[in-house]
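**Q** This is the structure I want to talk about, given as C-alpha cells.
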Amino acid sequence: MGIIEIDYSKCRMSYACVRICPVKAIGVNAEDDFPRIAEDRCIGCGSCILVCNQSAVSHRSDIDKVKMLLGGEQTIVAMLAPEIAAEFGDVTDYRKFVTMIKKLGFHDVCEVSFGVDLVAARYADLFTHFRGKYYISSNCPSVVAFVEKFHPKLVPNLAPFVNPMTAMAKVIRQRYGAQISLVYIGPSVNAMLEAARARDDERTDAVLTFAELRRLFEEYNITESTLEYSGFDPPFGYKGALYPIPQGYLQAGNITEDLLTNRIITTEGRENLIELLRVLDEQMEEVNHHFNVFYREGCAPAEGMTRDISRIVRRAWVVDYTAKRMSQMDWGQWKKDMEEFSGLDLSRTFNADDRRLPAPPESRIREVLKVLGKKEEDDGSSCGNCGYASCRDFAVAVAQGLAKTEMCLTFSLKNRQEYIKTLRQTNEKLAKTQEALKESEKKARLEQQHASEAMETTAAMLQKLPSGVVIVDDKLRIMQSNRRFIEILGREAGEISEVIQGLKGADLKTLIPYPFYNLFSYVLEKDDDVVNRDVHYEERILNVSVFTIRRNKVVGAVVRDMFMPEVRKEEVIRRVSEAINENLELVQKIAFLLGEGASRTEKTLNSIIEFHQNEKKGRTE
Ligand code: SF4
Ligand code: SF4
C-alpha cells in the first residue's frame, strides 16, 4: 500500500507534483489527464504534498491507529524526532510539551536524539577509519529508497546501519520491554517507509507527523497553559538534538569535516541529492568521499510540519534548544546509557529494488522530439519547466508513458498560439459569414415584402376578374378563390365564405358535384389541361378551364357562367369566330364553286360579329 494519495476532486491538473517528483513516480499518460502515482517507484519524499497548492496530495495517516493504541491497555511510548525543536517554537518549555504528549495517553516520551547519538557514534568509526570503501549515509529513508530503486549500483555503498528512529526503537524495547507499542512522532512521512521494513525489536507500530500531533492536541483540547512540567523519559539525548542541521549530525558523532583528513561531504536538498547520485553512479571511484546525505535541506519544512516558518528561525530554535538541554545534562548518566547500548546491534543490509524503466527505442524518442519541435540533439533550448533535466529526458518520459507532450511549456504555448491563430481566422470567417447572412436576410425580407405585396395585388386583381377563379391543392382543398367563383357556387358557398375568407381550406368535393371536381382530379393526376369544358351545374351551364400551376400539386380553374348575358355574347362571338375559322377552308371551296354566294355568306357572318362587338363596346363606354 502506497503512502501518497491524490484526491482527484481537488486536483486542478497543474502537474506541479509530476514536475517536482525526483524519481518520476507520478506520471500522466496519454489517455488520462490526472496525475497517477506509481507506488512501487515512490520514495516517500513528500515533495508532491508540499508543492500541491490545491492540497490534493496527501499521505496515508496512522492517526486512527494511534488513537486506538492510546485507548488500549498496552504501554504506549512516544519517540520524538529531534526536529521538535524546529517545529514547536511556540511551546515555551519542552517540559510542558512532554506533559502535553503524556496527557494524550502516552505512558512515556523518549527522544530519538539518543538514537542519533548512538548511530552517529557508529558513523564516526565508519567515516574516520577508512577500510577501502566510501559510504553514503543511510539515515534518511527517502535517500535509501532512492538508491535502492534508481541507483542500485550504489546499494553496497549505503552505510550498513539502521536509522536513528529504528535504533531508538531497539533501545526503548530493550529498556521498557518487548511488548510495548511505539509511536514515532516526526516531520516526514518517509518514516513510514522505515517502519514498514523494520521487524521484531526494531518495530515502530505507528507514525505520527507533527501536524497530526497538533490536530490531536486540538481535538483533546490540550494546551500548555493548563499543565505542569514533566520531562523526557530516559535515556536522554545529547548532541543528537542537532540532527535537523545536516552538519549537526556529524557534530553529534564528533566527526570533523576536515577537507584533508576525513574526506566527508555533506549534501542536503533534492537537487543536490539527484546530482550526487547521478555522479556517484558514473564516477564513484573518482569521487572518493563519504557522504552525509539528506533529502531535505536542513530545517526546511517537511510535509508533516507547519509551512510558514523560515528555515533560519527553525535553525536558531534547534541550536537554542540543544544548548538548553545540554546545560541541564547529566553527563554521567548519558555516558552510562551510551555504554549500556554500545553493544546494540544496529547493523542493517539493503537490497537493490531496481525500478528504472527500460529505455524506449531511439526511433520513438526522436518521434516525440519531432512532435515537440525539438532537435534530436539537445540544442540548449531546454527550459526545464517540465521537471526533466533536458528535452531528451522529457521525450524519454513521454515515450515511457510517464509524461504528456502538453507538459512541455514551449509545445503548449506554440499549440496555444496556433490555436489562437486558428480561432482568430475562424472568428474572422464567422464575422464575414454573419455579415453575408445579415445581407441575405435583408434581401430575403425585401423579397418577402415584395412577394407579399405582389400576392396582395394578385389577390385584389383576382377579386376583380369577371370570371370565377379557384386554385386547389392535390387534396382538392381550396387554396385561393375569388368572389365571382363563390357567387357562381351559390348562396350556401357565400355563407361559408363569410366564415372562411375565400373558402381557404374548404374541400372542393363538398362544394361542387362529381363531374365538375373530377376535372380537377384529372388535371392533377394527368397534368393535362382541360380547356373550355361545359359543365351543367344547378340548371346552368358553366364553361370551365382547368390548368396545372404546379405539376401534380396545384391546379387552377377559370369558371364562367354561360347564363350571364355578357358571357353569352362573348361566347357567341368566340364560337362564331371558331365556326368561321373552322369553315373558312370549306367556305373558300364553296365560294370557288358558288362564287358570289360564298362571299355573301362571309360578309353576313362578319356583320354579325361586328354588330356584337359594337354592342359590347357601347356597354363598356
Ligand atoms: S500538484 Fe496538485 S493540483 Fe497539481 S496536478 Fe498534482 S495533485 Fe493535481
Ligand atoms: S512522495 Fe516523493 S517520490 Fe513519492 S510521489 Fe511524491 S514526490 Fe514522488
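**Q** Under the condition of being polar (S, T, N, Q) and modelled with pLDDT of 95 or more, which residue from the range 191-234 is farthest from ligand 2 (Cβ to nearest atom)?
**A** Taking the range 191-234 and keeping what is polar (S, T, N, Q), we get 204, 209, 221, 223, 225-226, 230.
From the residues that got through so far, the ones that are modelled with pLDDT of 95 or more too are 204, 209.
Numbers: Thr204: 19, Thr209: 13 Å.
Filtering first and then ranking leaves Thr204.
**Q** Against the definition (more than 16 Å from ligand 2 (Cβ to nearest atom) and touching a His at 6+ places or on another chain (Cβ under 9 Å)), how does Tyr94 come out, yes or no?
**A** No: the conditions fail for Tyr94.
**Q** Output the residue which, of all residues in the range 35-57 that are assigned to a helix (DSSP H, G or I) and touching a residue at least 40 places away in the same chain (Cβ under 8 Å), is farthest from ligand 1 (Cβ to nearest atom).
**A** Step one: list which residues in the range 35-57 are assigned to a helix (DSSP H, G or I), which gives 39-41, 47-51.
After this cut, where a residue has to be touching a residue at least 40 places away in the same chain (Cβ under 8 Å) as well, the list is 40-41, 47-50.
On the way: Asp40: 19, Arg41: 16, Ser47: 10, Cys48: 7, Ile49: 9, Leu50: 10 Å.
By that ranking, first place goes to Asp40.
**Q** Please go through the range 537-552 and pick out each residue that is out of contact with any Leu (no Cβ under 8 Å at 6 or more places or on another chain) and outside any strand (DSSP E or B).
**A** Of everything in the range 537-552, those that are out of contact with any Leu (no Cβ under 8 Å at 6 or more places or on another chain) and outside any strand (DSSP E or B) turn out to be Glu538, Glu539, Arg551.
**Q** I would also like to ask the following. Of these, Glu456, Glu492, Glu447, Glu487, which one is in contact with a helix residue (DSSP H, G or I) (Cβ under 9 Å, 6 or more places away or on another chain), charged (D, E, K, R) and in a helix (DSSP H, G or I)?
**A** Every option except Glu487 fails the conditions.
**Q** Within the bounds of the range 63-78, is there any residue that is polar (S, T, N, Q), under 30 Å from Met100 (Cβ atoms) and within 14 Å of ligand 2 (Cβ to nearest atom)?
**A** no
**Q** Do we have Lys24 as part of a loop (DSSP other than H, G, I, E, B) and either near ligand 1 (Cβ under 8 Å from one of its atoms) or touching a residue at least 12 places away in the same chain (Cβ under 8 Å) (or both) here?
**A** When the stated conditions are applied, Lys24 passes them.
**Q** Identify all residues within the range 265-314 that are without any contact (Cβ under 8 Å) to a residue 12 or more places away in the chain and among the polar types (S, T, N, Q); write none if there are none.
**A** Asn272, Gln283, Ser310
**Q** Test of understanding: among Asp90, Asp64, Asp32, which residue is among the acidic types (Asp, Glu) and assigned to a helix (DSSP H, G or I)?
**A** It is Asp64.
**Q** Identify, from the list Arg12, Arg19, the residue that is within 16 Å of ligand 1 (Cβ to nearest atom), outside the structural domain of Arg173 (by TED's automatic domain parsing) and not in a loop (DSSP other than H, G, I, E, B). If you could, list the steps in order and put the result at the bottom.
**A** On the way: Arg12 fails: not in a loop (DSSP other than H, G, I, E, B).
The match here is Arg19.
**Q** So, in the range 67-82, exactly how many residues are more than 42 Å from the chain's Cα centre (by Cα) and either without any contact (Cβ under 8 Å) to a residue 24 or more places away in the chain or part of a loop (DSSP other than H, G, I, E, B) (or both)?
**A** Here the count works out to 6.
**Q** Before we move on, is Ala389 in a loop (DSSP other than H, G, I, E, B), modelled with pLDDT under 90 and closer than 21 Å to Phe150 by Cβ? Write out each step before concluding.
**A** Working: in a loop (DSSP other than H, G, I, E, B): yes; modelled with pLDDT under 90: yes; closer than 21 Å to Phe150 by Cβ: yes.
Spelling it out, Ala389 is indeed in a loop (DSSP other than H, G, I, E, B), modelled with pLDDT under 90 and closer than 21 Å to Phe150 by Cβ.
**Q** Just checking, does the range 110-119 include any residue being under 18 Å from Val77 (Cα atoms) and either touching an Asp or Glu at 6+ places or on another chain (Cβ under 8 Å) or within 16 Å of ligand 1 (Cβ to nearest atom) (or both)? Break it down stepwise before answering.
**A** Restricting attention to the range 110-119, the residues satisfying the condition of being under 18 Å from Val77 (Cα atoms) are 110-116.
If we keep only those that are either touching an Asp or Glu at 6+ places or on another chain (Cβ under 8 Å) or within 16 Å of ligand 1 (Cβ to nearest atom) (or both) too, we end up with 110, 114.
Yes, some residue in the range 110-119 is under 18 Å from Val77 (Cα atoms) and either touching an Asp or Glu at 6+ places or on another chain (Cβ under 8 Å) or within 16 Å of ligand 1 (Cβ to nearest atom) (or both).
**Q** Tell me, please, whether a residue that is without any contact (Cβ under 8 Å) to a residue 60 or more places away in the chain, in the same structural domain as Leu80 (by TED's automatic domain parsing) and either surrounded by fewer than 23 Cβ atoms within 10 Å (Cβ to Cβ) or closer than 30 Å to Leu280 by Cβ (or both) can be found in the range 204-212.
**A** No, the conditions are met nowhere in the range 204-212.
**Q** Does Lys149 satisfy the condition of being among the basic types (Lys, Arg), under 46 Å from the mean Cα position of the chain (by Cα) and modelled with pLDDT of 95 or more?
**A** yes
**Q** Given the conditions (1) farther than 22 Å from Leu273 by Cβ; (2) in contact with a Pro (Cβ under 9 Å, 6 or more places away or on another chain), report the number of the one that Ile101 does not fulfil.
**A** So the condition that Ile101 fails would be (2).
**Q** Out of curiosity, is Ala124 within 30 Å of Phe150 (Cα to Cα), away from ligand 2 (no atom under 16 Å from the Cβ) and modelled with pLDDT under 95?
**A** Details: within 30 Å of Phe150 (Cα to Cα): yes; away from ligand 2 (no atom under 16 Å from the Cβ): yes; modelled with pLDDT under 95: yes.
Criteria met by Ala124.
**Q** Going through the range 24-52 one residue at a time, which ones are within 15 Å of ligand 2 (Cβ to nearest atom) and surrounded by fewer than 19 Cβ atoms within 10 Å (Cβ to Cβ)? Working first, answer last.
**A** Of all residues in the range 24-52, those within 15 Å of ligand 2 (Cβ to nearest atom) come to 24-28, 34-52.
Correct list: Phe34, Arg36, Ala38, Glu39, Asp40, Val51.
**Q** Across the range 460-484, what is the number of residues that are closer than 19 Å to Val555 by Cα and not in a helix (DSSP H, G or I)?
**A** Qualifying residue count, the range 460-484: 17.
The values are calculated or read from the model by the stated rules, or taken from the named source; none is laboratory data. In this text, all values refer to a predicted model and were calculated from it rather than measured experimentally. For neighbour counting, all protein chains shown are included, and Cβ atoms are generated from backbone atoms with ideal geometry for every residue, glycine included.
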